[in-house]
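Here the structure is laid out as structure tokens; the discussion comes afterwards.
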Amino acid sequence: MRDLDLKTLRLFVAVADCRSMARAAEQEQIEPSAISKRIAQLEYDLGIELLVRGRRGVQTTPAGLALLEHARSVLFTMDRIVAGLQQRRVVSEK
């Protein structure tokens, strides 16, 4: 299994929130096909379906909901790390 990358996790969260690859792509300023490819690769790497694709958008599977919860936590933690380091940089520059 490949390592999970933060960009793919962010895109997965956007798709789950928007319930549409097209809307998520617009929001994230990326082509829908690029999101689709990343999520398909993620599903392949994990060996489980995360989204059910339909004509009216996508629905998160139970596995997708579990990943969504973990992805939100990881992304929140990463944002806190960056903010904390940026804050230290500002303090050390004074």
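Consider I81 carefully, then state whether it is hydrophobic (A, V, I, L, M, F, W, C), without any contact (Cβ under 8 Å) to a residue 40 or more places away in the chain and not in a helix (DSSP H, G or I). Steps first, answer last, please.
Values: hydrophobic (A, V, I, L, M, F, W, C): yes; without any contact (Cβ under 8 Å) to a residue 40 or more places away in the chain: yes; not in a helix (DSSP H, G or I): no.
No; evaluated as a whole, the condition is false for this residue.
Which one of these is open to solvent by less than 100 Å² (accessible area, probe 1.4 Å) and outside any helix (DSSP H, G or I): I30, I35?
Details: I35 fails: outside any helix (DSSP H, G or I).
I30 is the lone residue from the list that is open to solvent by less than 100 Å² (accessible area, probe 1.4 Å) and outside any helix (DSSP H, G or I).
Please go through segment 1-21 and pick out each residue that is surrounded by 14 or more Cβ atoms within 10 Å (Cβ to Cβ), in a helix (DSSP H, G or I) and either in contact with a Pro (Cβ under 9 Å, 6 or more places away or on another chain) or not charged (D, E, K, R) (or both). Walk me through it before giving the result.
The first filter runs over segment 1-21 and keeps only residues surrounded by 14 or more Cβ atoms within 10 Å (Cβ to Cβ), leaving 4, 8-21.
With the extra rule that they be in a helix (DSSP H, G or I), the set shrinks to 8-18, 21.
Of everything in segment 1-21, those that are surrounded by 14 or more Cβ atoms within 10 Å (Cβ to Cβ), in a helix (DSSP H, G or I) and either in contact with a Pro (Cβ under 9 Å, 6 or more places away or on another chain) or not charged (D, E, K, R) (or both) turn out to be T8, L9, L11, F12, V13, A14, V15, A16, C18, M21.
Only residues that are modelled with pLDDT of 95 or more, closer than 25 Å to T77 by Cα and over 12 Å from the mean Cα position of the chain (by Cα): list them for segment 1-20, please.
Residue satisfying the conditions is R19 alone.
Go through segment 50-94 and report how many residues are touching an Asp or Glu at 6+ places or on another chain (Cβ under 6 Å) and over 20 Å from E28 (Cβ atoms).
So in segment 50-94, the residues touching an Asp or Glu at 6+ places or on another chain (Cβ under 6 Å) come out as 50, 61.
With the extra rule that they be over 20 Å from E28 (Cβ atoms), the set shrinks to 61.
Residues flagged as touching an Asp or Glu at 6+ places or on another chain (Cβ under 6 Å) and over 20 Å from E28 (Cβ atoms) within segment 50-94 amount to 1.
Please verify whether G57 is small (G, A, S), exposed (fewer than 11 other Cβ atoms within 10 Å of the Cβ) and out of contact with any Leu (no Cβ under 8 Å at 6 or more places or on another chain), treating the condition exactly as stated. Give the derivation first.
On the way: small (G, A, S): yes; exposed (fewer than 11 other Cβ atoms within 10 Å of the Cβ): no; out of contact with any Leu (no Cβ under 8 Å at 6 or more places or on another chain): yes.
For G57, the condition - small (G, A, S), exposed (fewer than 11 other Cβ atoms within 10 Å of the Cβ) and out of contact with any Leu (no Cβ under 8 Å at 6 or more places or on another chain) - is not met.
Which is surrounded by 14 or more Cβ atoms within 10 Å (Cβ to Cβ), closer than 17 Å to V13 by Cβ and touching a Gly at 6+ places or on another chain (Cβ under 7 Å), of L50, L75? Walk me through how you get there before you give the answer.
Details: L75 fails: touching a Gly at 6+ places or on another chain (Cβ under 7 Å).
Going through L50, L75 in turn, the sole match is L50.
The values are calculated or read from the model by the stated rules, or taken from the named source; none is laboratory data. Owing to the predicted nature of the structure, the values given are computational and were not obtained by experimental measurement. All Cβ positions, even for glycine, are placed from backbone atoms using ideal geometry, and neighbour counts span all protein chains on display. With ligands, DNA and RNA removed, areas are computed over all heavy atoms of the protein, side chains included. Shrake-Rupley method; radii C 1.70, N 1.55, O 1.52, S 1.80 Å.
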